[in-house]
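These notes are about the structure you will find just below.
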Amino acid sequence: MTTASIDNVLLLAGLLFTIGVAGVMMRKNIFFMLLSVEIMLNAAGLAFIAAGSHWGQPDGQVMFIFILAMAAAEVSIGLSLILQIYHLHKSLDIDNLKEMNG
Amino acid sequence: MQTMLWIIPALPLLGFLLLISYGSRLSRRQTAAIGVGSVLLSACAGLYAGGQLLLHPSLVYEVTLWTWIDIGDFHPAIALRMDALAAVFVFVITLIGALIHLYSAEFMEKDPDYSRFFACMNLFVFAMLVLVLADNLLLLYLGWEGVGLCSYLLIGFWYENPANGHAARKAFTMTRIGDTALAIGLFCIYYACKSLNIVDISTAAPLIFQQNPQEATLIAFLLLGGALGKSAQLPLQTWLPDAMAGPSPVSALIHAATMVTAGVYLIARMYVFFELAPAVQGLIAVIGAITLLVAGLSALTQYDIKRVLAYSTISQIGYMFLALGVGAWTAAIFHFMVHAFFKALLFLGAGAIIESVNHEHSMFRMGGLRKKLPIIFWTFMVGTASLAAIPLVTAGFYSKDQILWYAWGARHGQAWLWSMAWVGAFITAAYSARMVLLVFWGPLKTEVTSRPRWSITFPLIALAVCSTWIGFVDLPHNFGHFTPFSDFLHHTLPLTELRADPTTEWMFQILATVATVGGLLLAYSYYYIHNKRLRHLANQPLFRRLHRLWLAGWGFDKLYQTFISRPFLWVTKANKADGVDQLYSAMANITTSLNQRMAALQSGSLRWYIMGMVLGAIILFGLQLLL
């Protein structure tokens, strides 16, 4: 079994994070924006795991468990909010949903 | 008695506190009993203490009640001190105060604010007693401000009339100018002497100011400023004639007998500073001499009987200032005492007359009251005779003659000061006679509607007796060297040094008599025998203009209006937008406009926010990498 070098894993995590950020910025659908946020969280989690394995410390995995729990909570609240928004506005388009006019 | 000195001011204070707390629940009888009783008991205590001082002249009552303030080296105490000078003032304040309170009990009977009146009067007596009994200048200043406050409260006593409120504010503001000077003077004294105790600074002053007499001059000048305001001397005299808006007993107590003489007391008390500053002492004499002429001429033309008396008060205090200025300290205090008696009598008499003729103030609408109000007539005549200084029989003659003589003969006396005082005596006699002739002689013009009862007539008679007999406590030197009053005061005040030959004193007495008789005859001929000649005189343009000028008190009000009030109002109007405020409102305006611009960023568009966040993060990381 070959171990992945830390550089490659971090590169992957950075790539995932960028994809997530780009998704949040570019997607119009609020549901996909939530999805992109999840990707960003997982990118962060991956970086923690890689770092933990590199230094031989359990802290990285502990942090990942935290992130996982937090992501679960975030998704449940986020999804319920999205459901409410769809219920009220019959739309998930973020540009249609803005109510403030600056 | 030594330690019981505090009881003299404490009794009126107690009366004030009772009246102000329970005034609305007390009946009129109880109110009067508290108001009059407290001052009467205080007068008894004052008389007893004064009597002890007379018997043991070297004695000085001193009592320290408690330390008032204690900061570093500065610890003024609530301490009272009664020496000969203070004793004379206590005697006059409490005795005349008690008589005036008794008079007020009947005079103010129908007033709805009976208890407020007595509360203020009691507070006034308390404040004045604190002023004269204070052992340090800070306590003196407390009393000084206290009488100012009471004066304001009592001038504006009938506050429903806006004119009275205006007069009260005017009195307060004008005296405030003097008070400020006095306060600065106290700071200077403390700075130089490191103490405010009167005895300490009086003994230390000659040493301290040996090197820098300018400092003593400055302090004396500031003290004089305070005295000018309170004693209504030129140029701060304009408040006193308007102060007649208050009830007559107030005019008698505050604006004739006691409060306005606080300035005389202050100068006599701090005489050391004035002896160190001869220039300022000369200025006192000059101010006094000018004031007595200016006010005397104004009194000649007034219609309102109370305004005549007000101007005459200013004029008589001018005499006291003249005496202080030439170094005749005891003569000034003697004239203060005599003047307090006869001026209180005249004001109370005037109040009784006004009340009897249905609140008519104008002398030209009185007349012929001689037969209708005999007691008032006779007592008023005694007071007027004293004011005009009728020789030998009246107290006013002895005190004023002393001042006239010292204006010539004392060390700082001058011929021109004497001649001004002499002309003043002539004018005094003239306006006194004019007042009496207009009020009591001639045809009856206003019906008498009410007659005074005993509590009005008794104080009048008592004061009339005093105004006659009090003069004999200090006879001129050529009348057999009977001078117990000035001997008594010499325990506190310095002797009057003479420059003229004492044997010539009789000439000045005869000249003073000539002035008095001349003035009386002048008024008699114009206002009684030749009424037509008066009208003829009044039609001449020069006299008409003079009359208008004097009636308006030499136009000082207008002068101050034009040169002080108007420019001040103009500045306030010009500065209505408030130049300084512009800076601060500009800051507020910039913030508001910035806010409006920035608010455009808060569009509600989530993707813009994220864009902003990412951009910010990139910039931060970039900076981190670069730096």
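The values are calculated or read from the model by the stated rules, or taken from the named source; none is laboratory data. Every value quoted in this text rests on a predicted model; they were computed, and no experiment measured them. As a convention, Cβ positions derive from the backbone with ideal geometry for all residues, glycine included, and neighbour counts pool all protein chains shown. Heads up: the accessible areas ignore ligands, DNA and RNA and are worked out on the full protein's heavy atoms, side chains in. Shrake-Rupley method; radii C 1.70, N 1.55, O 1.52, S 1.80 Å.
Here the 3J(HN,Hα) profile of the range B:551-559, calculated from phi with Karplus coefficients 6.51, -1.76 and 1.60 at θ = phi - 60°, is 4, 8, x, 6, x, 5, 4, 5, 4 Hz, Gly and Pro shown as x.
Amide H contacts for residue B:65 (H built 1.01 Å from N in the peptide plane; partners 5 or more residues away or on another chain; cut-off under 5 Å): B:78, B:79, B:80. These residues, B:418, B:506, B:239, A:55, go from largest to smallest accessible area, 1.4 Å probe, as A:55, B:506, B:418, B:239.
How big is the B/A interface in buried accessible area, both sides summed, 1.4 Å probe, to the nearest 100 Å²? Spell out each step's value before the answer.
Working: alone 27710 and 7510 Å², together 34230 Å².
Summed over both sides, the interface buries about 1000 Å².
Sequence-distant contacts, meaning Cα pairs under 8 Å at least 6 residues apart, place the relative contact order of the range B:269-388 at 24 percent. Computed over protein heavy atoms with a 1.4 Å probe, the accessible surface of the protein assembly as shown works out to 47 Å² per residue.
Residue by residue, the range B:74-85 carries 3J(HN,Hα) couplings of 9, 9, x, 10, 7, 10, 10, 9, 10, 10, 4, 5 Hz when phi is fed to the Karplus relation 6.51 cos²θ - 1.76 cosθ + 1.60 (θ = phi - 60°); x denotes Gly or Pro. The mean number of partner chain beta-carbon atoms within 10 angstrom of a residue's beta-carbon across peptide A:58-66 is 0. Could you tell me which residue out of B:457, B:444, B:310 lies farthest along the dipole of chain B toward its positive end? Charges go on the beta carbon: Lys and Arg +1, Asp and Glu -1, centred on the Cα centre. Going by the Cα projections, it comes out as B:444.
For the range A:6-101, what does the equivalent ellipsoid look like in terms of its semi-axes, each the square root of 5 times an eigenvalue of the Cα gyration tensor, given largest first in whole Å?
Details: eigenvalues 204, 47, 10 Å².
Output for the range A:6-101: semi-axes of 32, 15, 7 Å.
On average, how many beta carbons from a partner chain sit within 10 Å of the beta carbon of a residue in B:603-609? Present the calculation step by step, with values, prior to reporting the outcome.
Working: counts 4, 8, 6, 8, 9, 2, 0.
Going residue by residue through B:603-609 and averaging, the value is 5.
When the GluC sites (Glu not before Pro) in the range B:68-155 are filtered for DSSP coil states and for at most 13 other beta-carbon atoms within 10 Å of their beta-carbon, the remaining sites are B:109.
Which whole-number percent is the relative contact order of chain B (Cα, under 8 Å, 6+ apart)?
Working: 1023 pairs, mean separation 75.2, N = 627.
In percent, rounded to a whole number, it is 12.
Note that the range B:46-61 has calculated 3J(HN,Hα) couplings of x, 5, 5, 4, x, x, 4, 5, 5, 6, 10, x, 7, 6, 9, 7 Hz, one per residue in order, obtained from phi through the Karplus relation 6.51 cos²θ - 1.76 cosθ + 1.60 (θ = phi - 60°); glycine and proline are x. For residue B:555, neighbours were defined as the other residues whose beta-carbon sits under 12 Å from its Cβ, and their charges (Lys and Arg +1, Asp and Glu -1) total +2. D by Stokes-Einstein for chain B, Kirkwood Rh over Cα pairs, 20 °C, 1.002 mPa s: 81 µm²/s. Per-residue SASA remark: residue B:490, around 60 Å² accessible (1.4 Å probe; ligands, DNA and RNA not included). Computed from the C-alpha gyration tensor, the three semi-axes of the ellipsoid equivalent to the protein assembly as shown are 84, 31, 26 Å, from longest to shortest.
For residue B:410, the residues whose modelled amide H falls within less than 5 Å of its own, excluding neighbours fewer than 5 places apart on the same chain, are B:499.
Give me the percent of accessible area attributable to carbon and sulfur for the protein assembly as shown, probe 1.4 angstrom. With neighbouring chains kept in place, the figure for the protein assembly as shown is 69 percent. Sorting B:376-385, B:337-346 by their mean Cβ neighbour count within 10 Å, with the most densely packed peptide first, gives B:337-346, B:376-385. Peptides A:77-84, B:272-279, B:47-54, ordered by how many other C-beta atoms sit within 10 Å of their residues on average, highest first, read B:272-279, B:47-54, A:77-84. Rounded to the nearest 10 square angstrom, residue B:26 shows an accessible area of 50 square angstrom against a 1.4 Å probe. Put simply, the amide H of residue B:390, placed in the peptide plane, has neighbours under 5 Å in B:397, leaving out anything fewer than 5 places away on its chain.
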